[in-house]
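Trainee: Shown below is the structure under consideration.
The values are calculated or read from the model by the stated rules, or taken from the named source; none is laboratory data. As the structure is a computational prediction, the values presented were derived from the model and not from experiment. Cβ atoms come from the backbone with ideal geometry, glycine included; neighbour counts cover every protein chain shown.
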Amino acid sequence: MRGTSIPADAVVLSAAEASALADRAFEVRCAAEDVATAISEGATDGELRDLVDSLVTLARAAERLR
């Protein structure tokens, strides 16, 4: 972006894109907290597998910039 103070290697997101990224990061954190809570409450292997599967799905979605 010549003529600006924005570095050439910067990534510029619209407000909507930044909000969506923040929402996806929040979903990942909540899913990770669910896993931690389930472990502390003695969840079964099957319950943990389901929670971890959801966490991985959310993490993959959060990686994408839209």
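Trainee: Step by step: first the residues of region 4-24, then only those that are part of a helix (DSSP H, G or I) and of a type outside the set (A, V, I, L, M), then the one that is surrounded by the most Cβ atoms within 10 Å (Cβ to Cβ). Which residue is that? Explain how you work it out, then say what you get.
Mentor: Within region 4-24, the subset part of a helix (DSSP H, G or I) is 15-24.
Retained after the next criterion (residues that are of a type outside the set (A, V, I, L, M)): 17, 19, 23-24.
On the way: 17: 13, 19: 11, 23: 11, 24: 19.
The qualifying residue surrounded by the most Cβ atoms within 10 Å (Cβ to Cβ) is 24.
Trainee: Considering only region 45-66, how many residues are closer than 19 Å to residue 16 by Cβ and aliphatic (A, V, I, L, M)?
Mentor: Applying the first criterion (closer than 19 Å to residue 16 by Cβ) to region 45-66 yields 61-66.
Subsequent filtering for residues that are aliphatic (A, V, I, L, M) retains 61-62, 65.
Going through region 45-66 one residue at a time, the tally reaches 3.
Trainee: Sticking with this one: Return the only residue of 27, 33, 63 being loosely packed, with under 13 Cβ neighbours inside 10 Å and at pLDDT 95 or above.
Mentor: On the way: 27 fails: loosely packed, with under 13 Cβ neighbours inside 10 Å; 63 fails: at pLDDT 95 or above.
Residue meeting the stated conditions: 33.
Trainee: Provide a single number: the residues in region 39-59 that are part of a helix (DSSP H, G or I) and either at pLDDT below 95 or polar (S, T, N, Q) (or both).
Mentor: The first filter runs over region 39-59 and keeps only residues part of a helix (DSSP H, G or I), leaving 39-40, 45-59.
Now drop any that are not either at pLDDT below 95 or polar (S, T, N, Q) (or both), which leaves 40, 54, 57.
Final tally of qualifying residues: 3.
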